[in-house]
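Taking it in order: structure first as structure tokens, then the write-up.
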Amino acid sequence: MQLALWTYEGPPHVGAMRVATAMKGVHYVLHAPQGDTYADLLFTMIERRGQRPPVSYTTFQARDLGGDTATLFRDTLADAFERFQPQAILVGASCTAELIQDDPGGLARALALPVPVVALELPSYQRKENWGAGETFYQLVRSFCGDEKPARAEDAVPSCNILGPTALGFRHRDDLREIRALLGEMGVRVNVAAPLDATPADLSRLAQADFNVVLYPEIAGPAAALLERRFGQKQTRIVPIGVGATRDFIREVAALAGIDPEPILSRAQSNLPWYSRSVDSTYLTGKRVFVYGDATHAIAAARVATEELGFTLVGLGTYSREQARDLRDAARKYGVEPLISDDHLEVEAAIGAAGAELVLGTQMERHIAKRLGIPCAVISAPVHVQDFPARHSPQMGFEGANVLFDSWVHPLMMGLEEHLLGLFKDDFEFADGAAPSHLAAEEPVTPAAVLADVAVWDAAAERELSRVPFFVRGKARRNTERFAKERGLSSISLDTLYDAKAHYAR
């Protein structure tokens, strides 16, 4: 029985809060008990926003359940309108309030407020946070975008909408800035960027654009599909994470805008390609990496890891069930088994069984990797306060590719000082068995299934293995153990180690 329901994603009303908080002039009235107001802390403490989200809670208590909670909702809605004077109001229920079935949408319509009210039906026990954000954005676009596309002037410059960035999104703020600048270099005007920093009035201008740039399909996909049906606006399908994907994205945008991509491609620069080929990075080639996160970032990370950094992908997974098909297609391409699960214990077991040397995941995997003694870089929500840096730190575009290199490679390189252990091995503070400082203090946990199938190393062989440089020591150990297994050896001696070395050197 799975006891934790919202491990990787919150309930869908948190997704609605992300959209409301990202926008300007929108207020969200949420029918919720006192305990559900915790969501405020996600924005003020994790994202470090300077003001609390534009959300009013009914905050009913247990004693209110015997009375009229519907009246409490109506009073809260009327007070929110008088106090904040928003351009639009969202109404809905939290996962707890959903159970008492007070119908916030119907109650809001009965008040006949002089501003648009968008009622949200978010099934908390069937759907989760990203779906809630996507549904909220879809309902807002549907309510404000209108029905007719204005005529386009013949001499008008190409224009697009950027769709998807929200509050509390993983590097959404920085990605938007990076892609907006890239489109500007290409000569494409950004008509509206939404939800982040957009107003309801901005949504009414969406039809003026020639096409839509979809940065986060899990959030913007439904709204972009609506705009394509209603106004014939095409949408981008490539997420520009990594050098290769960014170059493909430029070509895709150029085709939609009717412009030549070569000028911007010839000027485009990123340090990632050269750094990944440079001498101090060659030991990264073939590193076994396990990738897990939301589908958008996981699929993009798999491409960057394999095609641009030379890693070997040993696992690919997501908690985004709505995009499971896309991830399965990617897993098939890279020849790995897809993992579609939001059970962190299942994810931990998969990482351990894969024999990964690096994990690209969420904050959940960061803790899993620390327990297993494996370096980890965060590529996706759920995130921690440290994943909202003060500096510009995008994941998308050419600068985003530089950030990826630093973020992913540095966890592997932080142990470069280990050669000092050899110089100071007689000093108690520099014992040869000391673990790198950036890994777990306890012994790494090795799955029992793996232990049962591995030959035992004798003391002399272990001593000799410890003289192998740390950055290839893992590969030397695996090759020797494979050599011993293929020959039916139950133990590994010094001679076995030398024989394996000679065998793989040929």
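A compact table of results
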item	result
Any hit, segment 279-286, residues being assigned by TED's automatic domain parsing to the domain that holds GLU346, under 29 Å from PRO338 (Cα atoms), touching a Phe, Trp or Tyr at 6+ places or on another chain (Cβ under 6 Å) and buried (at least 23 other Cβ atoms within 10 Å of the Cβ)	no
Lone qualifier among GLN139, GLN126 - being closer than 26 Å to ASP294 by Cβ and either modelled with pLDDT of 95 or more or touching a Leu at 6+ places or on another chain (Cβ under 6 Å) (or both)	GLN139
Residues of segment 368-386 that turn out to be crowded, with 19+ Cβ neighbours inside 10 Å and either among the acidic types (Asp, Glu) or farther than 21 Å from THR296 by Cα (or both), as a count	5
Those residues of segment 201-221 which are in a helix (DSSP H, G or I), crowded, with 20+ Cβ neighbours inside 10 Å and either in the same structural domain as MET396 (by TED's automatic domain parsing) or of a type outside the set (Gly, Ala, Ser) (or both), in sequence order	LEU203, LEU206, PRO217, GLU218, ILE219
The lone exception for GLY310 - which of (1) over 17 Å from the mean Cα position of the chain (by Cα); (2) surrounded by fewer than 16 Cβ atoms within 10 Å (Cβ to Cβ); (3) not in a loop (DSSP other than H, G, I, E, B) it fails	(3)
Verdict on VAL19 being under 30 Å from GLY361 (Cβ atoms), modelled with pLDDT of 85 or more, β-branched (Val, Ile, Thr) and touching a Gly at 6+ places or on another chain (Cβ under 8 Å)	no
Enumeration of residues in segment 247-278 that are in contact with a Leu (Cβ under 8 Å, 6 or more places away or on another chain) and polar (S, T, N, Q)	SER276
Out of ALA295, ALA193, ALA207, sole residue that is within 30 Å of SER407 (Cα to Cα) and in contact with a Lys or Arg (Cβ under 8 Å, 6 or more places away or on another chain)	ALA193
Members of segment 184-194 that are farther than 20 Å from PHE137 by Cβ and touching a residue at least 40 places away in the same chain (Cβ under 8 Å)	GLU185, MET186, GLY187, VAL188
Output for segment 198-219, where each listed residue is in contact with a strand residue (DSSP E or B) (Cβ under 7 Å, 6 or more places away or on another chain) and either of a type outside the set (Asp, Glu) or in contact (Cβ under 8 Å) with a residue 60 or more places away in the chain (or both)	ALA198, PRO200, LEU203, ARG205, LEU206, GLN208, ALA209, PHE211, ASN212, VAL213, VAL214, LEU215
Members of segment 324-373 that are of a type in the set (Ser, Thr, Tyr) and assigned to a helix (DSSP H, G or I)	TYR334
Selection within segment 220-270 - without any contact (Cβ under 8 Å) to a residue 60 or more places away in the chain and of a type in the set (A, V, I, L, M)	ALA225, ILE238, ALA245, ALA255, LEU265
Residues being crowded, with 20+ Cβ neighbours inside 10 Å and either part of a helix (DSSP H, G or I) or out of contact with any strand residue (DSSP E or B) (no Cβ under 9 Å at 6 or more places or on another chain) (or both) - total across segment 154-172	6
Which numbered condition ALA198 misses (of (1) out of contact with any helix residue (DSSP H, G or I) (no Cβ under 7 Å at 6 or more places or on another chain); (2) among the aliphatic types (A, V, I, L, M); (3) surrounded by fewer than 22 Cβ atoms within 10 Å (Cβ to Cβ))	(3)
Pairs, first of a type in the set (Asp, Glu) in segment 55-75, second at pLDDT 70 or above and in a helix (DSSP H, G or I), C-beta under 9 Å, six or more apart	ASP64/LEU72
Among residues of segment 342-359, those that are surrounded by fewer than 17 Cβ atoms within 10 Å (Cβ to Cβ) and closer than 19 Å to TRP131 by Cβ, counted	1
Only one of GLU262, GLU252, GLU228 that is out of contact with any helix residue (DSSP H, G or I) (no Cβ under 6 Å at 6 or more places or on another chain), at pLDDT 95 or above, loosely packed, with under 15 Cβ neighbours inside 10 Å and farther than 20 Å from ASP174 by Cα	GLU228
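Listed here are the residues, each with its yes/no results for (1) in contact with a helix residue (DSSP H, G or I) (Cβ under 6 Å, 6 or more places away or on another chain); (2) outside the structural domain of ARG177 (by TED's automatic domain parsing); (3) of a type outside the set (Asp, Glu); (4) more than 23 Å from PRO11 (Cα to Cα).
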| site | (1), (2), (3), (4) |
| --- | --- |
| PHE60 | yes, yes, yes, no |
| THR71 | no, yes, yes, yes |
| PHE81 | no, yes, yes, yes |
| PHE84 | no, yes, yes, yes |
| LEU90 | yes, yes, yes, no |
| ARG109 | no, yes, yes, yes |
| LEU122 | yes, yes, yes, no |
| GLU129 | yes, yes, no, no |
| VAL141 | yes, yes, yes, no |
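The values are calculated or read from the model by the stated rules, or taken from the named source; none is laboratory data. This structure is a prediction, so every number in the text was calculated from the model and none was measured. As a convention, Cβ positions derive from the backbone with ideal geometry for all residues, glycine included, and neighbour counts pool all protein chains shown.
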